[in-house]
Amino acid sequence: MEEAFSQKFILLQRGSNQKSRLKFEIGEDLTYKSKELDFYVTDKIVDITPEAIVLTENLLVPSDITSIYIKNKDPRNSTIKNLGYLGIGGGVIFLIATSVNSLYQSGDLSQVGDTIAWPIGMVAGGFLISKLQYKEFKNRGKNKIQLVILYGE
């Protein structure tokens with residue numbers, strides 16, 4: 001007797017862009033907002049059928065989902081976060097270098113006041129960029145929630 005295996009997962013995709021695909025598999029936590037509830041609920045995925053998602057405390061049909069929280073799941077967020085840290089770090093290094101240069105050349109921090117806007121702008125820009133992360137996947141428009149079940153031998 002041959003053994004068959006199956007792979008079941010939930011696929012979130014924006015339009016036809018394959019780079020923005022996110023996969024939730026059995027055993028993972030799913031944080032979602034449904035049409036009945038106006039707040040996020042986190043539950044563990046137990047099984048995936050062709051029609052519904054079986055959770056530990058609920059049975060969920062993809063059409064009932066209004067949004068899924070993806071901040072910790074989306075790999076693009078790490079790139080955005082790193083870009084934000086780059087701006088913050090650059091601003092801090094610029095401030096330190098200006099302070100050391102001012103102390104070395106004139107013995108006080110008089111030159112720092114002339115260039116203080118640059119490091120403040122860099123730190124503020126880095127902070128704002130870090131807040132632009134993808135937080136939720138809304139189930140509307142071109143966004144699709146698909147239940148995928150693959151069978152193999």
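The values are calculated or read from the model by the stated rules, or taken from the named source; none is laboratory data. Computed from a predicted structure; not experimentally measured. In this analysis, Cβ positions are derived from the backbone assuming ideal geometry, glycine residues included, and neighbour counts consider all displayed protein chains. Remember, those area values only see protein heavy atoms, side chains included, never the ligands or the DNA or RNA. Shrake-Rupley method; radii C 1.70, N 1.55, O 1.52, S 1.80 Å.
A few remarks follow.
- Of the set (1) surrounded by 11 or more Cβ atoms within 10 Å (Cβ to Cβ); (2) in contact with a helix residue (DSSP H, G or I) (Cβ under 8 Å, 6 or more places away or on another chain), all apply to ASP108 but (1).
- For beta carbons closer than 7 Å, sequence separation of 6+ or different chains, a first residue in the range 58-80 that is free of Cβ contacts under 8 Å to residues at least 12 places away in the same chain and a second that is surrounded by 13 or more Cβ atoms within 10 Å (Cβ to Cβ) and assigned to a loop (DSSP other than H, G, I, E, B), the qualifying pairs are LEU59/ALA52; VAL61/ALA52.
- Annotation note: of TYR40, TYR32, the sole residue that is aromatic (Phe, Trp, Tyr), open to solvent by less than 50 Å² (accessible area, probe 1.4 Å) and over 30 Å from VAL123 (Cα atoms) is TYR32.
- On the stretch given as the range 98-143, residues that are touching a Gly at 6+ places or on another chain (Cβ under 6 Å) and in a helix (DSSP H, G or I) total 7.
- For the range 13-26, a residue qualifies if it is touching a Lys or Arg at 6+ places or on another chain (Cβ under 7 Å) and either touching a residue at least 24 places away in the same chain (Cβ under 8 Å) or surrounded by fewer than 13 Cβ atoms within 10 Å (Cβ to Cβ) (or both), and the qualifying residues are GLN13, ARG14, GLY15, SER20, LEU22.
- Looking only at residues in the range 1-42 that are touching a Phe, Trp or Tyr at 6+ places or on another chain (Cβ under 7 Å) and assigned to a loop (DSSP other than H, G, I, E, B), the one that is modelled with the highest pLDDT is TYR40.
Residue-wise test of (1) among the aliphatic types (A, V, I, L, M); (2) more than 19 Å from the chain's Cα centre (by Cα); (3) over 22 Å from GLN18 (Cα atoms).
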site	(1), (2), (3)
PRO75	no, no, no
ALA97	yes, yes, yes
GLN105	no, yes, yes
THR115	no, yes, yes
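- Breaking point among (1) assigned to a helix (DSSP H, G or I); (2) more than 30 Å from PHE127 (Cβ to Cβ), for LYS81: (2)
- Conditions (1) assigned to a strand (DSSP E or B); (2) open to solvent by 40 Å² or more (accessible area, probe 1.4 Å); (3) touching a Gly at 6+ places or on another chain (Cβ under 7 Å): number failed by ILE45: (2)
- Residue that is modelled with the lowest pLDDT, among those in the range 63-82 that are surrounded by 15 or more Cβ atoms within 10 Å (Cβ to Cβ) and not β-branched (Val, Ile, Thr): ASP74
- Matching entry among GLN146, GLN133 (being open to solvent by 60 Å² or more (accessible area, probe 1.4 Å) and either at negative phi or modelled with pLDDT of 95 or more (or both)): GLN146
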